[in-house]
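Peer 1: To start, I am sharing the structure in question, which I have written as structure tokens.
The values are calculated or read from the model by the stated rules, or taken from the named source; none is laboratory data. Since the model is a prediction, treat every value here as computed from it, not as a measurement. All Cβ positions, even for glycine, are placed from backbone atoms using ideal geometry, and neighbour counts span all protein chains on display.
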Amino acid sequence: MRTFGCQMNEHDSERISGLLETDGLRRAESDDDADVVVLNTCCIRENADNKLYGTLGHLKTWKDAKEGRRIVVGGCLSQKDKDVVQSRAPWVDVVMGTHNVHRTTELLHQAIEHGPITEILEEAVIDDHALFPSALPARRETSYNAWVTIQIGCDNTCAYCIVPAVRGKEISRPFADIVNEVRHLASQGVTEVTLLGQNVNSYGRDLSLAARRDGADVSAGPQFAQLLRDVGSVDGIRRVRYTSPHPKDMRMDVLQAMAETPSVCEHLHYPLQSGSNRVLSLMHRGYTGERYLERLAEARRLMPDLAVTTDIIVGFPGETEDDFVRTLEVAAEADFDSTFTFIFSPREGTEAATMHDHFIDPAVVAERFERLRAVVERSAWLKHQAREGRIEEIIVEGPSRRNPGVTTGRTRQNKLVHFTAPHPLRPGTYATAEITRGAPHFLEGKFVEVLSEPTHKIRIPVATVNV
Ligand code: SAM
Ligand code: SF4
């Protein structure tokens, strides 16, 4: 199982693995041991396409080396490309999309019996299992934390973004189903949950409207603030995270719920995209740089120890030097803890992809990208240095990949910490460490004490490829 892209895809992969394991397959340690390789694809930027077709080239050799080997391609890129995947790589056995993950095993059986198959549904089938990844059996990468889907699809129209085209319209998962799933996860020893959606602040708006249409006396607004409070008060849940909120829909009630619910972590991923009001308007983002900074100031007033991360796109069509300088200014004022910087990538089918006449010279984009990187890396490093001397609560992830003698974990602010423990600590252990050094991309610490041992029993990894 190989995953490209975001947390949504990682979570879909967990349920594809879960379905295949329910059907009798076992996780293979390497391609050599595998009979089936599943690629769960991403199409958010162009290099993801190139990577997929490159990987499929290698997999042809793998498949030809042994009778009976099968290749399944799912996810956003196959949803977008439909028949293109099998025409460019006819050796692929199953091509499926984002709306029929629940059919993985049936499609694999059909391909084994009748030959290659492509099945892409245009929209989600109105059936609980088809809609929400969390509703299917899953094999989670770790057993102490879990993703929980609260919403699928996206109703926004950001000019650069392919997500609405490949993930469909926004549908909220019933409130009680989410809370019940979190209770169930907690009963299995999960202590940290991340609520997933493309626009989590609008969670529940569709549910409220439907309830009012049915005559219920409920307010018509979104329900995300209440969801945070209810999930956050489930017994055994020590950390709640969520991604992604949309700045145009960020309301005070959500910030208050974050501040007043002790288990909700002091971390906000708050995607800026651009600091220029002109570019934000061309992107159809629905807020200005000033409004973004005002809400951020409110968030920090309510949660003084809040870590803030963001996404910024460089080189949106028509971005002038002045627009870019405004992005630098807003980024500097926002003082981010970490920033995912992206170069604009035209995605066929999006509005921005038609703005050819205004595409920015790649050399100019590269130069701007470096200037932005200097600004955001500087604030990230200063933020890390400011943690020095503090005692942080850490959830242990396991031994460091580079140095197995070192333990790694995450703080409540989601910062990676490396520290040396006097004895091995199981993943999921809560411990404290004193931060001794803030490096540009991680913290180093000195072990202080164990706060609690994990109670879960199993750990079944799923391989992930980041793009
Ligand atoms: N729904 C989330 C939001 O609104 O922030 C995130 C969606 S997307 C999976 C993650 C990030 O990819 C976006 O925040 C944006 O910065 C970036 N992105 C999306 N489309 C892009 C494109 N065409 N070119 C470059 N970056 C893009
Ligand atoms: Fe894409 Fe905008 Fe929806 Fe995020 S909110 S998924 S960037 S369309």
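Peer 1: Any residue in the range 180-199 that's without any contact (Cβ under 8 Å) to a residue 60 or more places away in the chain: show its pairings with residues that are away from ligand 2 (no atom under 16 Å from the Cβ) and assigned to a helix (DSSP H, G or I) at Cβ separation under 7 Å, as long as the two are six or more apart or on different chains.
Peer 2: Within 7 Å, the pairs are GLU181/SER134; VAL182/VAL231; VAL193/VAL182; VAL193/LEU185; VAL193/VAL231; LEU195/VAL231.
Peer 1: Then there's this: Pick from the range 214-233 the residues that are among the hydrophobic types (A, V, I, L, M, F, W, C) and surrounded by fewer than 21 Cβ atoms within 10 Å (Cβ to Cβ): which of them is nearest to ligand 2 (Cβ to nearest atom)?
Peer 2: Top of the filtered list is ALA220.
Peer 1: In the range 234-253, how many are away from ligand 2 (no atom under 16 Å from the Cβ), hydrophobic (A, V, I, L, M, F, W, C) and under 21 Å from the mean Cα position of the chain (by Cα)?
Peer 2: The total comes to 2.
Peer 1: If only one of SER379, SER345 is small (Gly, Ala, Ser) and not in a helix (DSSP H, G or I), which one is it?
Peer 2: None of the other options fit; the residue is SER345.
Peer 1: Scan (1) within 16 Å of ligand 2 (Cβ to nearest atom); (2) at pLDDT 95 or above; (3) under 30 Å from ARG326 (Cβ atoms) for the single condition ASN199 breaks and write down its number.
Peer 2: (2)
Peer 1: Also, I was wondering about something else. Is one or more of the residues making up the range 346-366 buried (at least 19 other Cβ atoms within 10 Å of the Cβ), modelled with pLDDT under 95, within 15 Å of ligand 1 (Cβ to nearest atom) and farther than 30 Å from ARG410 by Cα?
Peer 2: yes
Peer 1: Take the conditions in contact (Cβ under 8 Å) with a residue 60 or more places away in the chain and surrounded by fewer than 19 Cβ atoms within 10 Å (Cβ to Cβ) and apply them to ASP305. Does it pass?
Peer 2: Answer is yes for this residue.
Peer 1: From the residues in the range 373-390 that are touching a residue at least 24 places away in the same chain (Cβ under 8 Å) and either touching a helix residue (DSSP H, G or I) at 6+ places or on another chain (Cβ under 7 Å) or small (Gly, Ala, Ser) (or both), which one is surrounded by the fewest Cβ atoms within 10 Å (Cβ to Cβ)?
Peer 2: Within the range 373-390, the match that is surrounded by the fewest Cβ atoms within 10 Å (Cβ to Cβ) is GLY389.
Peer 1: Further question on the same structure: Report, ordered by the first and then the second residue, all pairs with beta carbons closer than 6 Å, sequence separation of six or more or different chains, a first member in the range 154-167 that is more than 7 Å from ligand 2 (Cβ to nearest atom), and a second member that is assigned to a helix (DSSP H, G or I).
Peer 2: Taking only residues 6 or more apart or on different chains, the pairs are ALA159/MET283; ALA159/ALA352; TYR160/ALA352; VAL166/CYS76; VAL166/GLN79; VAL166/LYS80.
Peer 1: Shifting gears a bit: Can you go through GLU370, GLU393 and tell me which one is closer than 21 Å to VAL314 by Cα, among the charged types (D, E, K, R) and either free of Cβ contacts under 8 Å to residues at least 24 places away in the same chain or part of a strand (DSSP E or B) (or both)?
Peer 2: Selected residue: GLU370, the only one of GLU370, GLU393 that is closer than 21 Å to VAL314 by Cα, among the charged types (D, E, K, R) and either free of Cβ contacts under 8 Å to residues at least 24 places away in the same chain or part of a strand (DSSP E or B) (or both).
Peer 1: Pick out the one residue from GLY286, GLY315 that is surrounded by fewer than 20 Cβ atoms within 10 Å (Cβ to Cβ), of a type outside the set (A, V, I, L, M, F, W, C) and on the phi > 0 side of the Ramachandran plot.
Peer 2: One residue alone meets the criteria, GLY286.
Peer 1: If I filter the range 156-197 down to residues being within 20 Å of ALA220 (Cα to Cα) and within 16 Å of ligand 1 (Cβ to nearest atom), which single residue comes out as surrounded by the fewest Cβ atoms within 10 Å (Cβ to Cβ)?
Peer 2: Once the filter is applied, the top-ranked residue is LYS169.
Peer 1: Could we say that ALA211 is buried (at least 19 other Cβ atoms within 10 Å of the Cβ), away from ligand 1 (no atom under 16 Å from the Cβ) and either without any contact (Cβ under 8 Å) to a residue 40 or more places away in the chain or among the charged types (D, E, K, R) (or both) here?
Peer 2: no
Peer 1: Only one residue in ARG291, ARG326, ARG300 is away from ligand 1 (no atom under 11 Å from the Cβ) and buried (at least 17 other Cβ atoms within 10 Å of the Cβ), so which one is that?
Peer 2: Of ARG291, ARG326, ARG300, the one residue that is away from ligand 1 (no atom under 11 Å from the Cβ) and buried (at least 17 other Cβ atoms within 10 Å of the Cβ) is ARG326.
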